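Asker: Below are the structure tokens for one structure; questions will follow.
The values are calculated or read from the model by the stated rules, or taken from the named source; none is laboratory data. Keep in mind the model is a prediction, meaning the values are calculated, not measured. Positions of Cβ are backbone-derived with ideal geometry, glycine not excepted, and every protein chain shown enters the neighbour counts. Side chains included, ligands, DNA and RNA excluded: accessible areas come from the protein's heavy atoms. Shrake-Rupley method; radii C 1.70, N 1.55, O 1.52, S 1.80 Å.
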Amino acid sequence: KEINLRQREGRPTYVIEEELVKEQAEKQMLEDAKDALDQAISSLETLSLNMRREFAPVLNERVGQILEEITDGRYVDVRVSPDLEMSVIHPRSENQAPIEALSAGTVDQCYFAIRVAIAELITNKDSFPLFLDDSFAQYDDNRLKQVLKVIDGLSSRHQIILFSCQGRERRMAKQLGLKYNLIELSV
């Protein structure tokens, strides 16, 4: 009855059987592709972890250098985990503390330091443009002064493009005697 019904609908049994064989072959092909992708993901995760482990000591050193300049020597020892979680060695107690335990301004300084260090390490070029968009909103005047000095030093190797909706950066750069080009955008 089933065969007769299918044949009356216009689909012979052999066509249905052929479609079923094709569907099973496609299912097997997709399962094989999934297995291959799972193996590739596993390999990439292992490689990524190994690369982060090798990358971390160099990153720690460079982040520490930048942070030392920005904090005027207050924080010099930084630890960046393979998962890119940061902690600092507190200068007085010598204890390691996660950056979340620091003030918002100091946390921003840490993030600035890690962004610059990562950019330098992954580009592996002597110069590249560095775009900063309102990166110093939580900085007090002293922090802003220190980071602008660091940016001035970085500008010998990198083109620095700083976007800001405030005039603080310009006033501080002028006060410090730093060279800059100002382009004002009107809205």
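Asker: Provide a single number: the residues in region 74-106 that are hydrophobic (A, V, I, L, M, F, W, C) and either in contact with a Ser or Thr (Cβ under 6 Å, 6 or more places away or on another chain) or free of Cβ contacts under 8 Å to residues at least 12 places away in the same chain (or both).
Answerer: Residues of region 74-106 hydrophobic (A, V, I, L, M, F, W, C): 76, 78, 80, 84, 86, 88-89, 97, 99, 101-102, 104.
Add one more test, that the residue is either in contact with a Ser or Thr (Cβ under 6 Å, 6 or more places away or on another chain) or free of Cβ contacts under 8 Å to residues at least 12 places away in the same chain (or both), and what stays is 97, 101.
Residues in region 74-106 being hydrophobic (A, V, I, L, M, F, W, C) and either in contact with a Ser or Thr (Cβ under 6 Å, 6 or more places away or on another chain) or free of Cβ contacts under 8 Å to residues at least 12 places away in the same chain (or both): 2 in total.
Asker: Hey, can you tell me all the residues within region 139-159 that are exposed (fewer than 15 other Cβ atoms within 10 Å of the Cβ) and touching a helix residue (DSSP H, G or I) at 6+ places or on another chain (Cβ under 8 Å)?
Answerer: Within region 139-159, D140, D141, G153 meet the criteria.
Asker: Something else now. Looking for whichever is at pLDDT 90 or above and among the acidic types (D, E) here; the options are D134, D152, D126. Which one fits?
Answerer: Values: D134 fails: at pLDDT 90 or above; D126 fails: at pLDDT 90 or above.
Result: D152 is the single residue among D134, D152, D126 that is at pLDDT 90 or above and among the acidic types (D, E).
Asker: Residue pairs, Cβ under 8 Å, 6 or more apart or interchain, first in region 150-178 and free of Cβ contacts under 8 Å to residues at least 40 places away in the same chain, second of a type in the set (G, A, S) and open to solvent by 40 Å² or more (accessible area, probe 1.4 Å). List them.
Answerer: Note: pairs meeting the criteria are R157/S127; H158/S127; Q159/S127; Q166/A137; R170/S164.
Asker: Have a look at A101, A40, A33 and point out the one that is out of contact with any helix residue (DSSP H, G or I) (no Cβ under 7 Å at 6 or more places or on another chain), under 24 Å from L144 (Cβ atoms), modelled with pLDDT of 85 or more and among the aliphatic types (A, V, I, L, M). Can you show your working first?
Answerer: Details: A40 fails: under 24 Å from L144 (Cβ atoms); A33 fails: under 24 Å from L144 (Cβ atoms).
The conditions single out A101.
Asker: Which one of these is touching a residue at least 12 places away in the same chain (Cβ under 8 Å) and either surrounded by fewer than 18 Cβ atoms within 10 Å (Cβ to Cβ) or farther than 28 Å from Q159 by Cβ (or both): V63, V58? Talk me through it step by step, then tell me what you get.
Answerer: On the way: V63 fails: either surrounded by fewer than 18 Cβ atoms within 10 Å (Cβ to Cβ) or farther than 28 Å from Q159 by Cβ (or both).
Exactly one residue qualifies, and that residue is V58.
Asker: In the list L185, L176, which residue meets the criterion of being over 30 Å from N124 (Cβ atoms), surrounded by fewer than 14 Cβ atoms within 10 Å (Cβ to Cβ) and at pLDDT below 90? Show your work before the answer.
Answerer: Values: L176 fails: at pLDDT below 90.
Answer to the selection: L185.
Asker: So which residues in region 99-131 are in a strand (DSSP E or B), under 23 Å from N142 (Cα atoms) and open to solvent by 40 Å² or more (accessible area, probe 1.4 Å), if there are any at all?
Answerer: Going through region 99-131, the residues in a strand (DSSP E or B) turn out to be 129-131.
If we keep only those that are under 23 Å from N142 (Cα atoms) as well, we get 130-131.
F131, the sole residue that qualifies.
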